[in-house]
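Q: Input: one structure, supplied below.
The values are calculated or read from the model by the stated rules, or taken from the named source; none is laboratory data. Just so you know, these numbers come straight off a predicted model, no measurement behind them. Using ideal geometry, Cβ is built from the backbone for each residue, glycine included, and neighbour counts are taken over all protein chains shown. Quick note on the areas: whole protein, heavy atoms, side chains included, nothing else; ligands and nucleic acids left out. Shrake-Rupley method; radii C 1.70, N 1.55, O 1.52, S 1.80 Å.
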Amino acid sequence: MNIISLADFKKIPSLPILDDDVLVVRTNNIAYIPKPNYPVRIKYFVFVYCTSGSARFSIDTKMYNIKQGEFLLTASDCVMEFFEINQFEGSFMVVSQKYMTSLTSQCVSIWKSLASISQEAIHSVSAEEAVLICGYVDKLAKYCLDESIKYRKEIVCHQILSFLHEICGFQSVVNIETKPLFVNRSQEIYAEFMKLVIHNFKKEHSVNFYASQMGLTPKYLSVSVKSASDKTPSECIQKFLIQEAMVLLKNTDMSLKQIVAELNFPTATFFCRYFKQYTGFSPNEYRLKSM
């Protein structure tokens, strides 16, 4: 089960929701939205626009800050954790993976653009673009709320698709203008290493495995990753493992034995020691801890 789902949002009165697929939240609803301060796997496409204040959070262990005039775009199945929220106000849209897949299948070209934008997560917009974003949010909220509107579902579908094209359109201009002219070898290696970690960390904990996959020596991989991120490869892998363990402990009813197997630890004793060294809590204490 997921700690945050559209079914949970339905318990909040007056939120604009279309079936179990689309949620649109405007500034005046934001105070009612749950903001867990432990890692949560988000099984949805998420768009957030900040109108004031700021927030500090991580996505798949990478830290981000969002402030006024910026928007966040995440792909489905990422892990988020909030660390600091300072008078944050804004709007956001949550779309189920099933709905998004159906939507983008109507226009395949948009998918690559969205994937490219979501890799950077945070993006700035101009005042004119901000007006455009808020206009779409208001319209979508109206159509999601009012069940009496004829062709309501069709309108929402085409409004979201139009909105995504607008976002990709003005971000493609920004990306062309701000694309770095030079990326050094260490940064390239770090980016490739992190992609491998995201897909393999549950089963492969050894730096040697990643070095072998990349055709590098473990020492060269370590020096390159440290140069690009100020972290060792082992620290990067560890962060993903601990984060996933937190997600499983808080958001599922999996037993300790099942979690140990899922994350490919040799024994439950080793996992408990590993987890406590990083968090200060045993797995059971963390699961029962009120956050």
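Q: Using protein chains only and a probe of 1.4 angstrom, how many square angstrom of His123 are accessible, to the nearest 10?
A: Accessible area, nearest 10 Å²: 10 Å².
Q: Also, I was wondering about something else. Run the numbers for Lys219 and Ser102: contour at 0.36 nm per residue of separation, minus the present Cα-Cα distance, in nm.
A: Contour length minus Cα-Cα distance gives 37.6 nm.
Q: Place a +1 charge on the Cβ of each Lys and Arg in the stretch 196-250 and a -1 charge on the Cβ of each Asp and Glu, then give the dipole magnitude about the Cα centre in debye, rounded to the nearest 20.
A: Magnitude of the dipole: close to 40 debye.
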